[in-house]
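The values are calculated or read from the model by the stated rules, or taken from the named source; none is laboratory data. Since the structure is predicted, the reported quantities are computational estimates derived from the model, not experimental observations. Here Cβ is always computed from backbone atoms with ideal geometry, including for glycine, and neighbour counts include all displayed protein chains. In case anyone asks, the SASA skips ligands and DNA or RNA and just uses the protein heavy atoms, side chains included. Shrake-Rupley method; radii C 1.70, N 1.55, O 1.52, S 1.80 Å.
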Amino acid sequence: MDKIIFTGPVGAGKTTAIGSISEIPPVGTDVQCTDESIEIKEKTTVAMDYSYITLEDGTRIHLYGTPGQERFNFMWNILTTGGIGLVILVNKDHPQAIDELERYLDAFSEFIEQTGTVIGLTKCDINKHSTDISMFHECLYKRNQIFPVFEIDARESEDVKTLIHALLAVLVN
Amino acid sequence: MTSLDSTLIISHSDLQQEDSVVLNTAIKLLSLEGVMFRLEDSAPEHAHLLILDDDGQGSRSLLKLSRPGQVKVILSTRHHTGKNVISVVKPLELSSIKSLLKRLFTLMQTQIKKSRQFAENSPQAKPIEPLTDTLFNVLIDTRKQGRVIEVSCDDYPSLYIDGIKHSLATNASQDQLRQIASLALEQLSIRDLSTDNFSVHSNDLTMISLHNFLWSSGIICSQGRLLSGHSIDKPFKLKAWPNFTRHDFKAEYFKLAAILAKNTCSINELQRLSKIPIDDIINFYNAAYAVGIIDDDSITQPTAGSDTRQVPAEKQGLLSRIADRLTLKKYL
Ligand SMILES: Nc1nc2c(ncn2[C@@H]2O[C@H](COP(=O)(O)OP(=O)(O)OP(=O)(O)O)[C@@H](O)[C@H]2O)c(=O)[nH]1
Ligand SMILES: [Mg+2]
């Protein structure tokens, strides 16, 4: 089964990004937030997001989103097995955006070794705590992980598609 | 064109609807066998394979066009001859066009490989010219020297550029910015400003990142000319990927970035490795240099080729079909 995995912290825009390129609205398990996330957002994904795109020959590429909340981390291994590549989304306006990115790069290190990874920085239109993109470049350079990092709006399909094109280029070259 | 080497571009003109359906079906069936063609009708002169119906007006002019290595398949009731011209009787029949395309695919891939080997062994075709006297040069100097300038010309809003804070204030739209970048330097008037003057002028204007304008003017102004002081033989790498969602790009740039994020190589080697025209590579290099993502400090040894993993044809086929499905609007 061919699948692309979207991951990242609570509220980074995973459900939105999948929805902006997929053929059906993500089949989610979004529920009202009950715990600490409630301060961040109203709805959160439990278990996972799922949707797909269909290629000309009928092949389906499955798009999976991991749940953002830590208590669902046991899902990560299940979801990544057999995946083509990884999309990490991080809210650029989060005060600890770089730490958040590193947490995901570490958590998915095994999958990242085997496949390709791209990073989307979301919510660039909000500028409360925004970290400059060069700081993300520096972080990745130090880790010797020169992955594509693009500023995106998860609601804009063209941005999400550009991210996927970079992922494909990483996988082919 | 696609970033995948093994895909050949087909273009067609004046085909009857039935013929065009048969052709599309053949291409789809072939893709399942790893024989990858891609239909692109926008630029027939660049296609590897051109399919024409000789009853059509457009076809007649395309027939005269000659791109080196391009093969033309002519649907006709008559017999056509000529170098790289194949006649096929109308209407198209699925199994025969499919097997013809398959044979051509193999033949053309071999041809392309041969001509690449030839290009690799032959010396640089044309000398690389230095890039001077463009707005891009002015922008780079402005930043390097920490100047503050105003760029103006008759038909466009003025640009106020702060080389210290890396900002650009203007009312010009993205399209107008591209047009300004493509003007000759003589058409622009450029004068130095004080920081105070900059604040006064920029007050009601939109602030945009100088980075993005540096990138796009680099791509537009370069036209295959290399920034002076740089060499096509010096190995380099990328420190970071260009921020493509906010930059102008060609499909080929994804491939260049992907190679340069993993490998160290010179512009010359990159051309051999990627088969992308050297002009495009130089434009990319200049823009990447201007936005500070070229890493050539301590690099002396190329690594290109050491880390190139071979992706199985079947997987390449799948990846290129995903790319086709998610077509981007904003290619240059
Ligand atoms: N302003 C702005 N809002 C965004 C952007 N991307 C996503 N959003 C909004 O952010 C909110 C959260 O997005 P989701 O897609 O639910 O985030 P998620 O990553 O799925 O979150 P969890 O499921 O809780 O892990 C939604 O209201 C989106 O519309 C962006 O780039 N800019
Ligand atoms: Mg979600």
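Test each condition in (1) modelled with pLDDT of 85 or more; (2) within 16 Å of ligand 2 (Cβ to nearest atom) for A:Q96 and report the one that comes out false.
Failed condition: (2).
Among A:E100, A:E151, A:E138, which is the only one that is within 14 Å of the chain's Cα centre (by Cα), within 14 Å of chain B (Cβ to nearest Cβ) and of a type in the set (D, E)?
None of the other options fit; the residue is A:E151.
Specify the residue that is farthest from ligand 2 (Cβ to nearest atom); the eligible residues are those in segment A:9-26 that are polar (S, T, N, Q) and either more than 11 Å from A:Y50 (Cβ to Cβ) or open to solvent by less than 10 Å² (accessible area, probe 1.4 Å) (or both).
Just the residues of segment A:9-26 that are polar (S, T, N, Q), to begin with: A:15-16, A:20, A:22.
Then drop every residue that is not either more than 11 Å from A:Y50 (Cβ to Cβ) or open to solvent by less than 10 Å² (accessible area, probe 1.4 Å) (or both), which leaves A:16, A:20.
Details: A:T16: 8, A:S20: 13 Å.
So, considering only residues that are polar (S, T, N, Q) and either more than 11 Å from A:Y50 (Cβ to Cβ) or open to solvent by less than 10 Å² (accessible area, probe 1.4 Å) (or both), the one farthest from ligand 2 (Cβ to nearest atom) is A:S20.
Looking at A:N73 and the list (1) within 16 Å of ligand 2 (Cβ to nearest atom); (2) crowded, with 17+ Cβ neighbours inside 10 Å, which single condition is not satisfied?
(2)
Output the residues belonging to segment B:19-37 that are in contact (Cβ under 8 Å) with a residue 40 or more places away in the chain and open to solvent by less than 50 Å² (accessible area, probe 1.4 Å).
B:D19, B:V22, B:L23, B:A26, B:I27, B:L30, B:S31, B:G34, B:V35, B:M36, B:F37, listed by residue number.
Specify the residue that is farthest from A:H165 (Cα to Cα); the eligible residues are those in segment A:50-64 that are out of contact with any Ser or Thr (no Cβ under 6 Å at 6 or more places or on another chain) and within 16 Å of ligand 1 (Cβ to nearest atom).
Ranking the candidates gives A:Y50 first.
Here's the yes/no breakdown for (1) outside any helix (DSSP H, G or I); (2) more than 30 Å from B:L183 (Cα to Cα):
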residue: B:K237; (1), (2): yes, yes
residue: B:P242; (1), (2): yes, no
residue: B:N268; (1), (2): no, no
residue: B:D279; (1), (2): no, no
residue: B:N286; (1), (2): no, no
